[in-house]
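This report refers to the structure that appears directly beneath it.
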Amino acid sequence: MARKKPARYSAFDLVKRGLKNEEWPRLWDHHDLNKSYDAIIIGGGVHGLATAYYLAKDHGITNVAVMDKGYLGGGGSGRNTAIVRSNYLTPEGINFYNRSLELYGSMATDHNLNVMFSERGHLTLAHSDASLRTMRWRAEVNKLQNINSLVIGPDEVKKIVPSLDISRDAAHPIEGALFHPPGGIIRHDAVVWAYARSAAAMGTQMHQKTEVLDIICEGGSGPDGKGPGGKVTGVRTNRGDVSAPVVVNCTAGWATLISDMAGVKLPITTFTLQAAVTEPVKVFLPAVVVSGSLHCYVSQTDRGELVFGAAVDPVSTYSMRGTFEFTENLAGHILDLMPGVAKMRLLRQWAGLCDMTPDYSPVMGVTPVEGFYVDVGWGTYGFKAGPGSGEAMANTISSGRNADIIAPFDLARFAEDRLVGEKGAAAVGH
Amino acid sequence: MLLVPCPNCGPRDASDFKFGGESSSRPDPRTATPEQWRDYVHLKTNVAGNQKETWYCRGCRTYFSLHRDTVTNIFGAPQS
Ligand SMILES: Cc1cc2nc3c(=O)[nH]c(=O)nc-3n(C[C@H](O)[C@H](O)[C@H](O)COP(=O)(O)OP(=O)(O)OC[C@H]3O[C@@H](n4cnc5c(N)ncnc54)[C@H](O)[C@@H]3O)c2cc1C
Ligand SMILES: [Zn+2]
């Protein structure tokens, strides 16, 4: 029997279980694969799980399987630098990021799980007149969309982050910054668990270590009935065949491999994005700081570690190995910005796969194959968009037509020359 | 760090090169429809495995093609 809401976490529960040394209930149960589902979601990252959650919550569709070849959150959703913000450039994109930020704001209470959302403010530094001009433009575009976003001078930067050197003789003087007060960080694992737990409580099944090997189609113009004009009837997995009239591709870096299985070509190339984290130190960095011209960004976790990131790697690949080149470049740029951290040691570096599109905007909604939906192409910026995307995808799947909010991001835009250029606000700060 | 085998300079760090992406065949611009042209510009194979791709060497200023396994990052022999 499906519970409607998961068991609540509370201080009382903590004490009770602590005293009795009781097991905690699992966040989601293990199931055998059914022979059929109303919908199969491929990819157990924030996008797949949010879609599953909103299908159940808003549309009562719970005969759903989320399948991941590894573990939930093992893709980009557990590897990102967890920055959330909505100060993008296109009105189409801002709709999404803003809605998601709103949903993240109430997530801890909605899901009764501490996602450690910290609206600490987001600063994009300008080191030249030219970049200050770009910041002004971005701020004006943001204001028109009702986004809290403004340009501030070096003195105000110093007030927000006292440890930054704003003197004229710094290696890269700070001319000002684009300041986005609602931006911040969130605990990405907790977000993944919150959606999985809430969806599972409503009856949706989570299937880890379940790799989709093929998508079964009929009536399409390509080989084996795949391709435009056809429809999906199910998937082949390492645990057997399962039928479903709806298959949703939420596989980010692996997106083209899954779409190939349905005969749908995508404008996506897979690149690695790397990040690194230092040993923990006393908290000194109260906001997220991005420098576009130095190709790096940094935030400090509540534990005190500095989390660093940079732009996407220059060579496309499916290998998730980190490179020394990245650490070397990153260290150089970070030291230009914050010479004071020179003696800190990096604890870890890692890489994740990013599904890059030509216009730095996602590809969402229906495809030329009936029942096959995509929510991919989120590149280096998709974590913050998870909640809004899940809500809109669930809406799209339940109605069979693209929700208004995702219509500009349909696959057809590439053939029809309607690109949604977001590179200016997405290339370095994710 | 990737070591890219340049046909002229031999193996060198990837940072000496510009990666040009997967190779694909260009339709004839005089006869292609706008849709065909946009497909050529935007749609990717993005193979997980052996890929033919373009590189530019900043040392000898040459464009050349290479085969690389995009899963292991192992290069095949250079071709012109
Ligand atoms: C280092 C790094 C830093 C980032 N920083 C930020 C940031 O600060 N802010 C931000 O908003 N975004 C950031 N991103 C981007 C963000 O992580 C992604 O856009 C987002 O997590 C994508 O989520 P997803 O659910 O679409 O895909 P993923 O979380 O990647 O999930 C895809 C899942 O599909 C599964 N899968 C693949 N193939 C199959 C198959 N055949 N069968 C079954 N399952 C399969 C994978 O195992 C994986 O779990 C960053 C990314 C990286 C790598
Ligand atoms: Zn050369």
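The values are calculated or read from the model by the stated rules, or taken from the named source; none is laboratory data. Quantities reported herein were computed from a predicted structural model and do not represent experimental measurements. Methodologically, a virtual Cβ is constructed for each residue, glycine included, from the backbone with ideal geometry; neighbour enumeration extends over all protein chains shown. Side chains included, ligands, DNA and RNA excluded: accessible areas come from the protein's heavy atoms. Shrake-Rupley method; radii C 1.70, N 1.55, O 1.52, S 1.80 Å.
Observations on the structure shown:
- Sites matching trypsin sites (Lys or Arg not before Pro) across the stretch A:269-368 that sit in DSSP coil, with at most 10 neighbouring C-beta atoms within 10 Å: A:Lys282, A:Arg303, A:Lys343, A:Arg345
- Across the alpha-carbon set of the stretch B:3-76, the Rg to Rh ratio works out to 1.05, Rh being the Kirkwood radius.
- When nucleic acids and ligands are ignored and a 1.4 Å probe is applied, B:Asp28 ends up with an accessible area of around 60 Å².
- Rg/Rh ratio calculated on Cα atoms of the protein assembly as shown (Kirkwood radius): 0.97
- Cross-link reach is defined here as a Cα-Cα straight distance under 26 Å, omitting same-chain residues fewer than 8 places apart; for B:Lys52 the lysines meeting it are A:Lys226, A:Lys265, B:Lys18, B:Lys44.
- Computed 3J(HN,Hα) for the stretch A:197-212, one whole-Hz value per residue from the Karplus formula 6.51 cos²θ - 1.76 cosθ + 1.60 where θ = phi - 60°, is 5, 5, 5, 4, 5, 8, x, 5, 9, 9, 10, 7, 6, 10, 9, 7, glycine and proline marked x.
- Amide H contacts under 5 Å for A:Ile216: A:Thr233, A:Gly234, A:Val235, A:Arg236, restricted to partners 5 or more places along the chain or on a different chain, H placed in the peptide plane at 1.01 Å from N.
- Rounded to the nearest 20 debye, the dipole size of the protein assembly as shown about its Cα centre is 740 debye, using +1 on the Cβ of Lys and Arg and -1 on the Cβ of Asp and Glu.
- Rounded to 0.05, the FRET efficiency of the A:Ser243 and A:Asp155 pair, given R0 = 60 Å and the Cβ-Cβ distance, is 0.40.
- Relative contact order %, chain A, counting alpha carbon pairs below 8 Å whose residues are six or more apart: 22
- Spin-label pair A:Arg236/A:Asp404, simplified geometry with 7 Å Cα→Cβ offset, distance in nm: 4.3
- Taking 20 Å as the straight-line reach from the Cα of A:Lys143, the aspartates and glutamates in range (excluding those fewer than 8 positions away in the same chain) are A:Glu92, A:Glu102, A:Glu119, A:Glu156, A:Glu422.
- The mean number of partner chain beta-carbon atoms within 10 angstrom of a residue's beta-carbon across peptide A:250-257 is 2.
- Distance violations [Cα-Cα > 30 Å] among A:Lys159/A:Lys384; A:Lys16/A:Lys282; A:Lys5/A:Lys35; A:Lys158/A:Lys423: A:Lys16/A:Lys282
- Surface listing: B:Trp55, A:Trp254 arranged by accessible area from highest to lowest gives A:Trp254, B:Trp55, probe 1.4 Å.
- A:Trp28 contributes an accessible area of around 50 Å² to the protein surface, as traced by a 1.4 Å probe with all chains present.
- Each residue was assigned an accessible area with a 1.4 Å probe, and for A:Ile405 the value is about 50 Å².
- Listed by chain and number, the aspartates and glutamates whose C-alpha is less than 19 Å from the C-alpha of A:Lys69, apart from same-chain residues fewer than 8 away, are A:Asp29, A:Asp32, A:Asp189, A:Glu211, A:Asp214, A:Asp241, A:Asp260, A:Asp355, A:Asp375.
- As a fraction of the 1.4 Å probe accessible area of the stretch A:173-248, surface on carbon and sulfur atoms comes out at 50 percent.
- Once the Cα atoms are used to define both axes, helix A:46-59 deviates from the longest principal axis of chain A by about 60 degrees.
- Kirkwood hydrodynamic radius (C-alpha pairs) into Stokes-Einstein, the stretch A:103-255, 25 °C and 0.890 mPa s, D in µm²/s: 121
- The relative contact order of the stretch B:3-76 comes to 31 percent, based on Cα pairs under 8 Å that sit 6 or more residues apart.
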